[in-house]
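FYI, it's all coordinate maths here, none of it is from the lab. All of these numbers come straight from a predicted model, not from anything done at the bench. Note that we place each Cβ from the backbone using ideal geometry, even for glycine, and neighbour counts take in every protein chain shown.
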Amino acid sequence: MSVAQPPPDKPLLQVKALRKRFGGNVALAGIDFELFPGEMLGLIGPNGAGKSTTFNALNGQLQVDAGVVELSGQNLLGLSPQAIWALGVGRTFQVAQTFASMTSLENVQMALLSAKSQLFQGFGTVQALHTQEAQALLEQVGLGERSDQGASTLAYGDVKRLELAMALASRPRLLLMDEPTAGMSACERLGLMGLIRKLVKQPQGPLHQGLSVLFTEHSMDVVFGFADRIMVLSQGQIIAQGSPQAVAQNPLVQKTYLGASFQYPTVQPEPSPP
C-alpha cells in the first residue's frame, strides 16, 4: 500500500480555473489542482464527472473555454497534442494503442523513431535502428524475453506493459494514464501498477530520469493502493482531494461516489515483473 510523502515545493503540473462547456452542459466548472514531481495522483468520480474532459484538455486534444495549464511554468493551453508530447507529456489509453502486426521490439522501435523525429525512414532501416534502447525499455517493463513475440499474440496484461514501454520511449516527465488496468485481472492490475509505481519512486532506470503520473481508474484497489493523493470529480467540480485515507473517510465522497459501506482496500505486496 502506498504511503504519501510530503510533496516538493514546486509543482510539475499546475491547473487553475479550468473550464469547459459543451452547449448547455458544464463539463469542467473551474477546477484547480497541482501534481508534484515523483507523485502519483489518482482521479476518480462517477461517469460524466469530467475525468475524460480533464485528460483531453491536458494533452491538447480538447480546447477549453478558460483556465491555466502549466508544465514547469510553461503554458500548455493552445498547443497541439504533438507539441505537448514533445514537452514531456505522455499518455496511455483505456484500449491499448499498439501495432498488432509488429513484434514487441518493433513497436518500441517505432515509438523511439517518433520520439526522435525519424518516422520517415524506410522500414528496412527502421528494423535496425535503436535496437538496444528498445530492448532496454522492454526489460524495464518486464518484457525483455518477449521482444521477438508479435504484439497480437501477447496476453492482455503484457500488451499494457508494451504500451507503457512505448509511452516511456519519449522519456516523459508527466504520464497521463486513462484507466491503465481496464480489462485486467486482479493479479495483472497489481503487477502493472506496482511496476509503474517503481518507475515513479525509483527513477534510477537507464532510460528515464523522473516521472509523475496522473491516472484515472474504476478499480478502487488500484486507486487506494497506489495513489499518493486522490482527487474526486463530480459534475465538473473537485469535491475532495487529499490522501487516500482522508478521501475514503470523506462523507461527501462516500455519498457521491464510494457509498457509505465502502471498505478501504487492502493491497498485497506488489508483484515483481516476470
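Divide by every residue of the chain the summed helix terms, -39500 (n - 2.57) for each DSSP H run of at least 4, and state the resulting mean residue ellipticity at 222 nm, rounded to the nearest 500 deg cm²/dmol.
Numbers: 9 runs with 81 residues, N = 274.
The helix contribution divided over the chain gives -8500 deg cm²/dmol.
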Inter-label distance for Gln63 and Leu252, nm, one decimal - labels placed 7 Å from Cα along Cα-to-Cβ:
3.3
Between Asp9 and Ala86, what is the label-to-label distance in nm when each label sits 7 Å out along the Cα-to-Cβ direction?
3.2
Between Tyr156 and Gln74, the two model label points (7 Å from Cα along the beta-carbon direction) sit apart by a distance in nm of 3.7
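Taking the Cβ of Leu13 as the centre, find all other residues whose Cβ is under 10 Å away and add up their charges (Lys, Arg: +1; Asp, Glu: -1). Intermediate results must be reported in sequence, preceding the final value.
Values: positive: Arg173; negative: Glu34, Glu39, Glu70.
Combined, the nearby Lys, Arg, Asp and Glu give -2.
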Charge dipole (the chain, unit charges on Cβ, about Cα centre) - positive-most of Met193, Ser212, Ser72:
Ser72
Cα centroids of region 126-159 and region 73-106: how far apart, whole angstrom?
18
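Excluding Glu188 itself, calculate the net charge of residues whose Cβ lies under 11 Å from the Cβ of Glu188, where each Lys or Arg counts +1 and each Asp or Glu counts -1.
Details: positive: Lys160, Arg161, Arg189; negative: Asp158.
In short, +2.
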Could you name the aspartates and glutamates in cross-link range of Lys201, using Cα to Cα under 13 Å and dropping any fewer than eight places away on the same chain?
Glu39, Asp228
Which order results if Met220, Met177 are arranged by neighbouring Cβ count within 10 Å, fewest first?
Met220, Met177
In the neighbourhood of Lys51 defined by beta carbon distances under 13 Å, the net charge of the other residues (Lys, Arg +1; Asp, Glu -1) is -2
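Treating only the Cβ atoms of Lys and Arg (+1) and Asp and Glu (-1) as charged, compute the dipole magnitude of the chain about its Cα centre; round to the nearest 20 debye.
Numbers: 19 positive and 20 negative charges, 109 e Å.
Roughly 520 debye for the chain.
Give me the Kirkwood hydrodynamic radius of region 38-194 in Å, from all C-alpha pairs, to one decimal place?
Details: mean 1/r = 0.0599 Å⁻¹.
About 16.7 Å for region 38-194.
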